[in-house]
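Peer 1: Dropping a structure here in structure tokens format, bear with me for questions.
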Amino acid sequence: MKIKHFINLHKGLTALVVLGLMVFYQNFTLGPWVYLALHGTYGVMWLLKDPIYPDKQWEQEMPIGIGILGFGILMLYWVAPFILISSGSQPPLPLVAAAISINVMGVFLHYASDAQKYYTAL
């Protein structure tokens, strides 16, 4: 299998994992919704980007065992929403605003640089 399959699976599952945590812990406050919106949207955009301008480094073949190990490591990204949602803590509104702003800028830079890398390598 290609490296991208394990990465795409993780990115695609993130919204479902966050939503599942929200349902399991019955936490539908602002923080979890913002986390779901930001990271869920990022995952969808990642899956859209892959067929439009794929990253060549993720096209390499790898053994399934290494892929499963890699997926397990990527699952560590789900620790943050777990802590946020299971603890029931409420992030301060200035922190929410900062998180949204930083996320939007980061996603823009990420996809712009990936597009630049793809289209200049042709």
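The values are calculated or read from the model by the stated rules, or taken from the named source; none is laboratory data. Fair warning: this is a prediction, and the values are worked out from it, not measured in the lab. Positions of Cβ are backbone-derived with ideal geometry, glycine not excepted, and every protein chain shown enters the neighbour counts. With ligands, DNA and RNA removed, areas are computed over all heavy atoms of the protein, side chains included. Shrake-Rupley method; radii C 1.70, N 1.55, O 1.52, S 1.80 Å.
Peer 1: Can you tell me which residue within the range 4-60, out of those that are small (Gly, Ala, Ser) and surrounded by 16 or more Cβ atoms within 10 Å (Cβ to Cβ), is farthest from the chain's Cα centre (by Cα)? Let's see the steps before the verdict.
Peer 2: From the range 4-60, those small (Gly, Ala, Ser) are 12, 15, 20, 31, 37, 40, 43; that's our starting set.
Subset that is surrounded by 16 or more Cβ atoms within 10 Å (Cβ to Cβ): 15, 31, 40, 43.
Values: Ala15: 8, Gly31: 16, Gly40: 7, Gly43: 5 Å.
Per the stated criteria, the residue is Gly31.
Peer 1: Now, a different point. All but one of (1) over 30 Å from Ala121 (Cβ atoms); (2) open to solvent by 90 Å² or more (accessible area, probe 1.4 Å) hold for Ile64; state the number of the condition that does not hold.
Peer 2: Condition not satisfied by Ile64: (1).
Peer 1: Can you name the condition, by its number, that Pro91 falls short on among (1) surrounded by 14 or more Cβ atoms within 10 Å (Cβ to Cβ); (2) in a helix (DSSP H, G or I)?
Peer 2: Here Pro91 clears every test but (2).
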